[in-house]
Amino acid sequence: MPKINSPVELEDFRKTILSRKDPHKPCVAICAGAACQAIGNDELIRAFEEEIKKRSLEHQVDLRATGCHGFCEKGPHVVLYPEEIAYLEVRPKDVPEIVSQTVLGKKVIDRLVYTDPGTGERAVHLSEIPFYRKQKRLLLGDNTRIDPKRIEDYLALGGYSALAKALFEMTPQQVLEEIKKADLRGRGGGGFPAGLKWETTRNAPGDEKYVIVNAHEGEPGAYMDRAIFTGNPHLVLEGLILGAYAIGAHQGFIYTRHDSLRLRDHIDRALEQAREYGFLGEHILGSDFTFHVEVHLDVGIFVSGESSALMRSIEGKNPEPRPKYIRTSVSGVWNRPSNLNNVETWANVPQIIRKGSDWYSGIGTERSKGTKMISLSGHIVNTGVVEVPFGTTLREIVYDIGGGIPHGKKLKALHFGGAMGGSIPESLIDTPLDFDALSRAGAPLGAGALLVMDEDTNMVEAVRFFLEFLTNESCGKCVPCREGIRQLLKILARIRDGKGKKTDIALLEEIAEVMGAASLCALGKTACDPLKSSLRYFREEYEAKLQP
């Protein structure tokens, strides 16, 4: 395929792709997300390949290994098009029957569709399953329709039309203003307005600027970014190119995990295809804009996902954080202005440019716009990746989507933000999903990992678990973090064992205050957040363990 050199050529090629697609041709979409991969979807894919070949159906049936479908609890998933029949917990032994009965015979296999455990009601199509009903899957919705290794699938669904619009109908400043007007807030943890962050880098002195995708996602229980990047890599890449155009950057970096070979393969393939088709490199789509992207791998430690540590890693140095008074938006990689956003943030950009900020700002709450991806785990019936509009209550996420607490137990706490997050009690279950509301409650949204804890959870032990993770992952550069976490662990172990002193709670709070004020980076500053929220809502569990 020669390079596409104009928006007209792009639309002509898109029409050509669509003209070659038979809407009535059967297609088997198999979830190849991380969770399904872990329980044997590779064997399932091979079983479909062999069965289709055995029946000489290679030209009559399409087979698509896709990204995550979201409903991890019931994987491996298979969605059969054009009927959009959803089968759950599919095994290789089910494949011959699926091909003969559903692909060829157009009959539904009852035992493979979702059945409500309470009512016995069956759900044949994906949208009918309770897990999906209240979701708004703007970022994840195309995962079942895209083979992440084929750029043509992304183009068929309108891919890179936002880039063409920006390059030929908008100035860089107009793209920036559209992001600001949409009030897109960063999904990586802090919720800082992306447009203001972009503007800081754009206005910073210096001719060379960088844009970066943080695809590290080392937070325990977080797998939202991987769900997007492994399923629809061009969505993230298009967002990055749009950001580079708005900021005035000609070099970008993708910083991702060294231990996810499938993710790396999809990223490398997407970059290669984007260069081949003219979406990366010199004179993108025939415009004057030039942009290149490099991939860098982490070194296997949690702190390397911190912004300044990540940038040092890109430079080839140890991933140690720098003091926060140094703003990476002004002085980042090689001391040049560098804009860093996570995968989910970049993935929102194409839809804002394509559909407009007014459309986007109509979704969500007053100060939290759009949708948010949540990874549900813990004591919950339905684990998986969820995407809902901001403003959805935690009750809806836990009970309507998550199916509630298993084994008839009661909900005790909800923990957002992973090891540096916070826990809130069941009494706050009607809190809306909102950056500011959750922050006020003491459980900042973070990247979106939601850990559900039932009535049997020991909150002292839960906090000790988070701190133990962080003490192993701290870079050790600054004393408040390195020694503070160790001392907290000693005190918590004493309390857990029933040997706590009356002064221990005050000592915990004093150490937490010092760490928050004196640590160099976000790891040390927020390492005590699980402790602080736990003491705020579950102090009696600590006091019960103190010696008289």
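Structure notes:
Let's see how each residue does on (1) open to solvent by less than 20 Å² (accessible area, probe 1.4 Å); (2) aromatic (Phe, Trp, Tyr); (3) closer than 30 Å to Gly422 by Cβ; (4) out of contact with any strand residue (DSSP E or B) (no Cβ under 7 Å at 6 or more places or on another chain):
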position	(1), (2), (3), (4)
Phe229	yes, yes, yes, no
His258	no, no, yes, no
Ile267	yes, no, no, no
Leu280	yes, no, no, no
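- Verdict on Lys372 being at pLDDT 95 or above, under 26 Å from Glu219 (Cα atoms), open to solvent by 10 Å² or more (accessible area, probe 1.4 Å) and assigned to a strand (DSSP E or B): no
- Against the list (1) open to solvent by 40 Å² or more (accessible area, probe 1.4 Å); (2) touching a strand residue (DSSP E or B) at 6+ places or on another chain (Cβ under 8 Å); (3) at pLDDT 95 or above; (4) not basic (Lys, Arg), the condition Gln251 fails is (1).
- Residues in the stretch 47-82 that are under 23 Å from Val113 (Cβ atoms), open to solvent by 20 Å² or more (accessible area, probe 1.4 Å), in a helix (DSSP H, G or I) and among the acidic types (Asp, Glu): Glu73 only.
- Selection from the stretch 400-427 of residues that are in contact with a strand residue (DSSP E or B) (Cβ under 8 Å, 6 or more places away or on another chain), under 15 Å from Arg536 (Cβ atoms) and surrounded by fewer than 24 Cβ atoms within 10 Å (Cβ to Cβ): Lys412, Ile424, Pro425, Glu426
- Top-ranked residue in the stretch 153-192 [being small (Gly, Ala, Ser) and not in a helix (DSSP H, G or I); ranked as most open to solvent (accessible area, probe 1.4 Å)]: Gly190
- When the stretch 335-345 is filtered for residues that are open to solvent by 20 Å² or more (accessible area, probe 1.4 Å) and either in contact with a helix residue (DSSP H, G or I) (Cβ under 6 Å, 6 or more places away or on another chain) or farther than 15 Å from His250 by Cα (or both), only Asn335 remains.
- Residues that are open to solvent by 80 Å² or more (accessible area, probe 1.4 Å) and either closer than 12 Å to Leu531 by Cβ or in contact (Cβ under 8 Å) with a residue 12 or more places away in the chain (or both), drawn from the stretch 484-495: Arg486
The values are calculated or read from the model by the stated rules, or taken from the named source; none is laboratory data. Only a predicted model underlies this, so the values are computations on that prediction, with no experimental measurement involved. Glycine gets a Cβ as well: all are built from the backbone with ideal geometry, and neighbour counts include every protein chain shown. Please note that ligands, DNA and RNA were not included when accessible areas were found on the heavy atoms of the full protein model with its side chains. Shrake-Rupley method; radii C 1.70, N 1.55, O 1.52, S 1.80 Å.
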